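Below: the structure, in structure tokens.
The values are calculated or read from the model by the stated rules, or taken from the named source; none is laboratory data. Since the structure is predicted, the reported quantities are computational estimates derived from the model, not experimental observations. Quick reminder, even Gly has a Cβ in these numbers, built from the backbone with ideal geometry, and neighbours come from all protein chains shown.
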Amino acid sequence: MNLLCVSLLVIVAVMTGALGCPSDFLGISSSCVKVVIAAGIGERPVSWKVAREGCKTLGTDLAVMNVSSKVEHLSAHIDEVFPKSSYSFWVGGHKINGQWKWVTDQTINLKSNLWVPNSPKKDHRITFALLVPDSVHRRWYLNENGDWASGYICEIF
Ligand SMILES: *[C@@H]1O[C@H](CO)[C@@H](O)[C@H](O)[C@H]1NC(C)=O
């Protein structure tokens, strides 16, 4: 193989790596994410920690939903694949020492309109971020919750 062929192969490999996602992941806003339903009808919902373990076994972590276009693309996908379901999904936000952070250690913007109005609240043991549907306004919001969710969103970092 001459140098040109080798260079072309390298370029193609880099491009597919940069643009493509593994086949069971969804490409949104230059990220690769996976929507996992942990609890179908009649099954047990999962805690944030169990959800995070689930992502880790896939070599991923819970998703960072810090940009509205990303939430919009993901929401459109969920609405299409699971129409009229009432699933909610853990994402990678948690409160550590009173500070909301993404699993990537970035601070979460609490003023962002991605949050349900009037959330997150000041006090509480409610320490994990969730993506919840709002059927009235037909959109998805970040919300805070300490308990269980039926699914979770993993992201490849
Ligand atoms: C959102 O998170 C990604 C990944 O952690 C980061 O690269 C990006 O700068 C963040 N964007 C904003 C607006 O916070």
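Annotations
- Being modelled with pLDDT under 95 and in contact with a Phe, Trp or Tyr (Cβ under 8 Å, 6 or more places away or on another chain) is true of Ala38.
- In this entry, Ser112 is excluded by the filter for residues that are of a type in the set (S, T, N, Q), at pLDDT 90 or above and in a helix (DSSP H, G or I).
- You will find that of Lys34, Lys70, the residue that is more than 10 Å from Tyr152 (Cβ to Cβ) and among the basic types (Lys, Arg) is Lys70 and no other.
- Number of residues in segment 28-48 that are within 14 Å of the chain's Cα centre (by Cα) and not in a loop (DSSP other than H, G, I, E, B): the value is 9.
- Pick from segment 117-137, criterion touching a Phe, Trp or Tyr at 6+ places or on another chain (Cβ under 9 Å) and part of a loop (DSSP other than H, G, I, E, B), ranking: farthest from Gly92 (Cα to Cα): Pro117
- Residues of segment 35-68 classified as within 16 Å of the ligand (Cβ to nearest atom) and crowded, with 19+ Cβ neighbours inside 10 Å, total: 8
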